[in-house]
Amino acid sequence: MTAERAWRITATAFCFAVFGLGGLGFLLLGPLLTLIPGTARRHAFTRGLMRRGMGAFVLLMRGCGVISLSVHDAHRLQRRGQFILANHPSLLDVVLLIALTPHADCVVKAALWRNPFLRWPVAAAGFLRNDDGPGVVDAAIRSVRNGNNLIVFPEGTRSMPGAGLRFLRGAGNIAVRGELAVTPVLIVSSEPMLPKHRPWYRVPRRRPHFTVRVLDDLSPTALVPEPIPAGLGARRYTERLQQRFTEEIARHEPATR
């Protein structure tokens with residue numbers, strides 16, 4: 001093992017210890033956040049706090065040499081009322097996107113509500129639970145129309161290194177039933193970093209470089225222009241969205257290696 005890689009293991013441990021302390025701070029602060037009057041005001045304050053915290057964590061990881069990062073067309077994320085869809089190669093994806101996106105809302109796993117460190121912040125931020133059945137689709141559409149920037153990973157979970165994308169239909173249902181434009185975000189890492197089923201201490205041989213590309217918006221009819229029932233439309237939308245992301249990854253991934 002090289003000295004540089006040993007340092008990255010140590011630095012990664014340090015960064016996640018700091019992240020854990022931040023989670024502990026939210027655990028202590030969480031009950032106070034619920035006292036902020038007005039649901040919208042409470043959500044906005046908590047989301048702003050989380051964005052600053054995630055931004056500080058990204059700066060820490062870059063400063064310690066754990067990752068490097070380049071972002072293209074980040075200004076596109078500064079608008080209101082966006083439906084942001086991204087691929088999901090790493091545990092850091094949601095950290096990067098929340099750090100880059102003001103007024104971010106998320107559809108998150110219900111397990112986070114049972115996590116003692118994360119339960120309070122996700123509740124105070126008003127994030128959407130993915131176990132709410134059909135109700136989550138209506139809530140997601142309502143969130144975007146209310147001016148939030150909703151972040152969804154169509155894969156539903158992190159992808160395996162080297163495996164192809166496999167999008168679930170949830171994002172397609174939201175886009176089709178809500179007739180929403182989509183802001184696609186492509187996340188590519190030069191080395192596998194915190195992918196699914198890999199512990200944090202198994203750092204890659206070389207420092208990973210993350211590239212975040214905010215692509216051109218897709219209009220509500222860009223992928224499914226033909227008038228068809230919503231269920232079939234969501235299925236076709238998902239298939240074509242997956243194909244679009246696969247093509248974009250093939251275009252941009254070699255440039256990071």
### Task
Mind counting the residues in segment 220-242 that are under 27 Å from ASP93 (Cα atoms), of a type in the set (A, V, I, L, M) and either crowded, with 17+ Cβ neighbours inside 10 Å or in contact with a Cys (Cβ under 9 Å, 6 or more places away or on another chain) (or both)?
3
### Query
For segment 192-219, what are the residues that are within 19 Å of ALA86 (Cβ to Cβ) and buried (at least 17 other Cβ atoms within 10 Å of the Cβ)?
PRO192, MET193, LEU194, PRO195, PRO208, PHE210, THR211, VAL212, ARG213, VAL214, LEU215, LEU218
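Looking for whichever is assigned to a loop (DSSP other than H, G, I, E, B) and more than 17 Å from the chain's Cα centre (by Cα) here; the options are PRO195, PRO199. Which one fits? Outline the logic, then answer.
Details: PRO195 fails: more than 17 Å from the chain's Cα centre (by Cα).
It is PRO199.
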### Message
List the residue pairs whose Cβ atoms are under 9 Å apart, where the first residue sits in segment 1-19 and is more than 20 Å from MET54 (Cα to Cα) and in a helix (DSSP H, G or I), the second is among the aliphatic types (A, V, I, L, M) and modelled with pLDDT of 90 or more, and the two are 6 or more positions apart or on different chains.
### Response
ARG5/VAL203; ILE9/VAL203
### Task
Output the number of residues of segment 50-81 satisfying the condition of being surrounded by 19 or more Cβ atoms within 10 Å (Cβ to Cβ) and touching a Lys or Arg at 6+ places or on another chain (Cβ under 8 Å).
2
### Message
Please determine whether any residue of segment 73-88 is assigned to a loop (DSSP other than H, G, I, E, B), closer than 18 Å to GLU191 by Cα, at pLDDT 90 or above and not hydrophobic (A, V, I, L, M, F, W, C).
### Response
yes
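Conditions tested, residue by residue: (1) within 23 Å of ARG76 (Cβ to Cβ); (2) of a type in the set (Ser, Thr, Tyr); (3) touching a Pro at 6+ places or on another chain (Cβ under 6 Å); (4) buried (at least 17 other Cβ atoms within 10 Å of the Cβ).
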position: PHE153; (1), (2), (3), (4): yes, no, no, yes
position: PRO161; (1), (2), (3), (4): no, no, yes, no
position: ALA171; (1), (2), (3), (4): yes, no, yes, yes
position: THR183; (1), (2), (3), (4): yes, yes, no, yes
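The values are calculated or read from the model by the stated rules, or taken from the named source; none is laboratory data. All figures in this text were calculated on a predicted structure; none of them were measured in a lab. Counting neighbours? That spans all protein chains shown, and the Cβs are built from the backbone with ideal geometry, glycine included.
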